[in-house]
Amino acid sequence: MMIVGIVAVCVVLALLAFLLPRLSHHPQRGTQRTLGLGSRAGGKAPGFLGRALSKPFRSSSKAVGRSGSAGRRARGRLPF
């Protein structure tokens, strides 16, 4: 279920970044901040368990950042 949610957030951010590049930074930072909280909370578990619990949040945060930047980059490549 979490995977579907992250994919949906990435798609929405990519569209927002493509259509309104300047207004997409704030939602992207908010989403990454929220995922960072989950990563830090999961990382408090000891040893391997902490790394395993925080990894999905870290990779999701990276995906959100990449989708937002890809939308802005695609917008910048348009000829008009």
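Data table
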| read-out | value |
| --- | --- |
| Residue within the stretch 40-63 that is assigned to a helix (DSSP H, G or I), under 30 Å from F80 (Cβ atoms) and modelled with pLDDT of 95 or more present | yes |
| G42 being out of contact with any Leu (no Cβ under 7 Å at 6 or more places or on another chain) and either open to solvent by 60 Å² or more (accessible area, probe 1.4 Å) or not hydrophobic (A, V, I, L, M, F, W, C) (or both) | no |
| Of all residues making up the stretch 13-39, the number that are part of a helix (DSSP H, G or I) and open to solvent by 40 Å² or more (accessible area, probe 1.4 Å) | 14 |
| Condition check for P79: open to solvent by less than 50 Å² (accessible area, probe 1.4 Å) and modelled with pLDDT under 95 | no |
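The values are calculated or read from the model by the stated rules, or taken from the named source; none is laboratory data. No experiment lies behind these values; they were computed from the predicted model shown. All Cβ positions, glycine included, derive from the backbone under ideal geometry; neighbour counts span all protein chains shown. Side chains are part of the model used for accessible areas, which takes the heavy atoms of the whole protein and leaves out ligands, DNA and RNA. Shrake-Rupley method; radii C 1.70, N 1.55, O 1.52, S 1.80 Å.
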